[in-house]
Structure formats: C-alpha cells, structure tokens
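To keep things clear, I will list the structure first and then write my remarks on it.
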Amino acid sequence: MKFNLKFNDIDEERNLNENYSIKNLFDDLSVSSQTIVAKQNGEIAVEESVINNGDTIQLIQIIYGG
C-alpha cells in the first residue's frame, strides 16, 4: 500500500503502514501542525485522519506576516 506525498521539493510515493495518520506523517517529517496544514485528496485534513492506499497528501507551510 502506498500514498503520494507533496511537500516543498518532495513529490514522491511512500509506503503506507496500517492506521498511519496525518499526525504520524508530521512526526516522521519532524514538522508541527502549528506551521503546516495537511490536505488529503484536496480536502483539509485533521491530524487524526488516517491515510488510505492511493491518497495524495499535500502539506502546505503556513506563512505568517504583518
């Protein structure tokens, strides 16, 4: 089972473990939900969302400024 990950310069297919969530992905990449928004198949996803076979996960850096 695999999923597609798009984040900054990363555009790759990754192996998928059972019950692998957005939070697991954040932990593996050492990123924080405070600075990253996840989209699962084009829809905003929460950390508890389980990634399924064939999903596309896009991580978007939140930009702060004034």
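Over the chain, Cα pairs under 8 Å with separation of 6+ residues give a relative contact order of 42 percent.
The local environment of Ile60, defined by Cβ-Cβ distances under 15 Å, has a net charge of -2 under the rule Lys, Arg +1 and Asp, Glu -1. Computed extension length for Lys2-Asn24: 6.4 nm, one decimal, from 0.36 nm per residue of separation with the Cα-Cα distance subtracted.
When a/c is below 1.5 the answer is rounded, else prolate if a/b is larger than b/c, else oblate, so apply that to the range 2-61 with a ≥ b ≥ c taken from the square roots of the Cα gyration tensor eigenvalues. It comes out rounded by the Cα gyration axes.
Read the figures in this text as sums done on the coordinates, not as results from a lab. Since we're looking at a predicted model, the values are computed, not measured. Glycine also receives a Cβ, built like all others from the backbone with ideal geometry; neighbour counts cover every protein chain displayed.
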